[in-house]
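Here, each number is a calculation from the coordinates, and none is a lab measurement. Computed from a prediction, not measured in an experiment: that's the story for all the values here. Cβ sites come from the backbone with ideal geometry, for glycine too, and all protein chains shown count toward neighbours.
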Amino acid sequence: MVNSASAEDYPKTTHEKAQQLQQPLPETAAKRAPTQAELTKANPDLKIDAVNEKFAKDFPRQYETWAKTADQTEFHREVEDDPRMIVMWGGYAFAKEFNSPRGHFYAVTDVRNILRTGAPKNANDGPQAMACWTCKGPDVPRLIAEWGEEGYFSGKWAKAGSEVVNSIGCADCHDTQSQEFKDGKPALRVARPHVLRALDTVGKTFATSDRTDQRAGVCANCHVEYYFDKSTGVNNVVFPWYKGRDVDSIEKYYDEIEFKDWEHSISKAPMLKAQHPDFEAWSMGTHGKNGVTCIDCHMAKKQDKDGKVFTDHQVVGNPVVDNFQNTCARCHDQSQETLVKTVAQHKADVREVMIKLEDQIVKAHFEAKAAWDAGATKEEMKDALQAIRHAQWRWDFAAASHGMHMHAPDVALKIIASGLDRAADARAKLAVILAKHGVQQPINYPDISTAEKAWKVMGIDIEKERKDKEEFIKTVIPEWNKEAIEKGLILTPPPTTPEK
Ligand code: HEC
Ligand code: HEC
Ligand code: HEC
Ligand code: HEC
């Protein structure tokens, strides 16, 4: 039931959009990641104003609503809630900590605080690469303009500790230097070269896109699947869209280039980690196909007390609950209660099958370990491990795309079903190998009923990780903040976390 009297400002239901998605990638599209020579050079003419507070005076409505993303403090500790993830990410930093997203205001705070980034003592120390800053704020395009892509993407994460200090803000989405912007128009912009390249690949060249595609395009800066391409000698961010944006095409691309994010610590499977393919999931769902963008739901238009219409910059996490009148109700006739229930039902349905898939994948990892322990050979294990890789990739694609149950519920279910198929295939193959090596089945599966138990099973000393992080927050973070203030990069430091 879609309300025909939708506001003029909203895109019409266009079947043209729906068809665009079905079209093959443009002939001219690149088919591969950039080479070292193709990485973008420094561009001193591109000035990026990363300090968000500087826009408060000229754009009070947008600034004040943007600042309200700080009100969204809540997040879930996912691996504690569901310890299966600790097994599935065995040998990968995600097993230590993974949280649901919260307000944009906390992006810098949260990447500093998460156990995954470790506790580096100096610029060359620590487990992560520079690329981990890439979706945290407007200092990133600023640094790429100053240092070039090679300069930005080389080195360790701690290298930019006192540089990436402003959280997701104005210059991530707007050409703030343009006259248009000064006149109060959106002047939307993507300033990260790897994002512009990826949009070209799928025929959505930003500069020539219409308003609808540009609105979704600014979110595609960050809410996408990506990987770190090492072929240029630095860890640069690449979107794997060269064969398409769906789960099968991306898997095919990764298989062809023999990419893996890591080798699983117990099954030894060559694993893929899906990031947050929200843009990809949205574009496959009903709203994406009908030209209803992220903005229509997460950054709706709003009237201030003087009747002036402007864009609400709060980027709400759950618009059907928290901003119904300005979003869903502009197009749908159903009551809020009905739509809240519909979305909640989709969430429950997706979650139910997702847990079933997790159970299968966890068993497969332990069975693979049992097979190795019994003397299985690489050759024997190869196909089973590939099936584990594909099963978990499918699970992760659906799980990591936050809100996929809303953005494309039918696609989410289909992806999980195909994951169940791959997991069944892996376990059938493993059963044959186990039988051949005389292992009695079912094997003994370790107790992973709590996170503490699962960390122990997987050999993670969580207490040490936490202590090191605490020390890092106490000693290194204040130094980073001090340097950033001295360099004039921030007016106020990112908050230390108000946690709920
Ligand atoms: C995550 C992306 C994003 C961020 C961050 C962001 N904006 Fe926007 N902004 C948008 C979008 C999207 C629109 C609406 C575009 C449209 O209607 O087509 C918009 C619209 C605007 C407009 C045009 C008038 C209006 O309200 O529609 C101004 C001015 C503006 N933003 C200023 C700012 C300022 C100042 C900041 C930082 C405090 C900021 N924006 C941060 C995405 C962003
Ligand atoms: C520069 C990168 C970047 C851009 C651009 C960006 N996001 Fe985000 N977004 C993030 C990160 C990182 C988080 C998680 C922040 C955290 O948890 O600390 C996030 C969180 C969110 C959340 C969760 C909010 C909550 O309260 O639960 C929503 C919704 C969201 N983004 C939507 C959007 C939309 C819509 C756009 C485009 C208008 C957009 N984002 C543009 C990086 C970005
Ligand atoms: C038709 C409305 C609609 C559109 C279009 C839409 N979203 Fe959402 N999105 C929602 C709703 C509703 C939720 C909350 C679902 C829930 O919590 O059950 C959500 C959830 C999210 C979340 C997870 C928030 C959290 O805290 O877990 C992110 C991130 C997000 N959306 C980003 C995007 C991006 C990026 C786009 C565009 C590429 C987009 N959304 C398009 C309605 C929409
Ligand atoms: C700009 C208009 C617009 C907005 C805003 C909008 N929708 Fe929709 N919605 C549509 C259109 C168009 C369809 C497809 C209808 C069709 O195919 O008959 C649709 C379909 C749906 C469907 C059925 C398809 C599916 O994916 O499950 C649900 C549920 C839905 N919308 C929920 C929401 C919710 C919840 C919100 C607010 C967070 C929302 N919509 C905001 C236009 C909109």
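Can you tell me the FRET efficiency between T73 and D45 if r is taken as the Cβ-Cβ distance and R0 is 56 Å, rounded to the nearest 0.05?
Working: r = 39 Å, r/R0 = 0.69.
Efficiency at R0 = 56 Å is approximately 0.90.
How many nm is it between the label spots at T205 and K487, if each spot is 7 Å from the Cα in line with the beta carbon? The modelled label-to-label distance comes out at 3.5 nm.
In this structure the amide hydrogen of D312, modeled in the peptide plane, comes within under 5 Å of the amide hydrogens of A300, K301, K302, none closer than 5 places in sequence on its chain. Model label points for K464 and N318, set 7 angstrom from Cα along the Cα-to-Cβ axis, are 3.9 nm apart.
Backbone amide hydrogens, once placed in the peptide plane, bring H174 within less than 5 Å of R189, excluding anything fewer than 5 places away on its chain. With a cut-off of 14 Å on the backbone N, the residues of segment 248-269 near the modelled label site 7 Å out from S231 along Cα-Cβ are 253-260. Packing order of peptides 27-35, 416-424, 220-228, highest average first: 220-228, 416-424, 27-35 (average count of other Cβ atoms within 10 Å over each peptide's residues).
Let's see if you can work this out: charge +1 on each Lys and Arg Cβ, -1 on each Asp and Glu Cβ, no other charges. What is the dipole magnitude of the chain about its Cα centre, in debye to the nearest 20?
Details: 67 positive and 75 negative charges, 46 e Å.
Using only the charged Cβ atoms, the result is roughly 220 debye.
Between 0 and 90 degrees, the angle of helix 247-256 with respect to the longest Cα principal axis of the chain falls at about 60 degrees.
Relative to the longest principal axis of the Cα atoms of the chain, the long axis of helix 462-486 makes an angle of roughly 20 degrees.
Backbone amide hydrogens, once placed in the peptide plane, bring N236 within less than 5 Å of D229, excluding anything fewer than 5 places away on its chain. In sequence order, segment 273-290 has phi-based couplings of 10, 6, 8, 9, x, 5, 5, 5, 5, 4, 5, 8, x, 4, 5, x, 5, 9 Hz under the Karplus curve 6.51 cos²θ - 1.76 cosθ + 1.60, θ = phi - 60°, and Gly or Pro positions carry x.
For segment 337-460, with the dipole built from +1 on Lys and Arg beta-carbon atoms and -1 on Asp and Glu ones, taken about the Cα centre, which of W395, L385, I361 lies farthest toward the positive end? The Cα lying farthest towards the positive end belongs to L385.
What ranking do 297-304, 176-183 get when scored by the average of other Cβ atoms within 10 Å per residue, highest first? The partial results should precede the final answer.
Values: 297-304: 18.2, 176-183: 13.9.
By packing density, highest mean first, the sequence is 297-304, 176-183.
Computed from point charges on the beta carbon alone (+1 for Lys and Arg, -1 for Asp and Glu), the dipole magnitude for segment 356-401 about its Cα centre is near 100 Debye.
Taken one residue at a time, the phi angles of segment 60-70 give Karplus couplings (6.51, -1.76, 1.60, θ = phi - 60°) of x, 5, 5, 5, 5, 6, 4, 4, 5, 4, 5 Hz. Gly and Pro are set to x. Note on segment 112-204: the alpha carbon radius of gyration divided by the globular reference 2.2 N^0.38 Å gives 1.22. Residue-wise HN-Hα couplings along segment 367-374, as the Karplus relation 6.51 cos²θ - 1.76 cosθ + 1.60 with θ = phi - 60° gives them from phi, are 5, 5, 4, 4, 5, 4, 4, 8 Hz; Gly and Pro carry x.
Dipole of segment 337-460 computed with +1 at Lys/Arg Cβ and -1 at Asp/Glu Cβ about the Cα centre; of G375, L434, L420, farthest Cα towards the positive end is G375. To the nearest ten degrees, helix 378-400 and the longest principal axis of the Cα atoms of the chain are 30 degrees apart. Taking the helices alone, the chain has a mean residue ellipticity at 222 nm of -14000 deg cm²/dmol, built from -39,500 (n - 2.57) per DSSP H run of at least 4 residues and averaged over all its residues.
Suppose the chain between A435 and K54 were pulled fully straight at 0.36 nm per residue; how much longer would it get relative to their current alpha carbon spacing? Numbers along the way, then the final one.
Values: separation 381, 0.36 × 381 = 137.16 nm, distance 6.72 nm.
Length difference between fully extended and current span is 130.4 nm.
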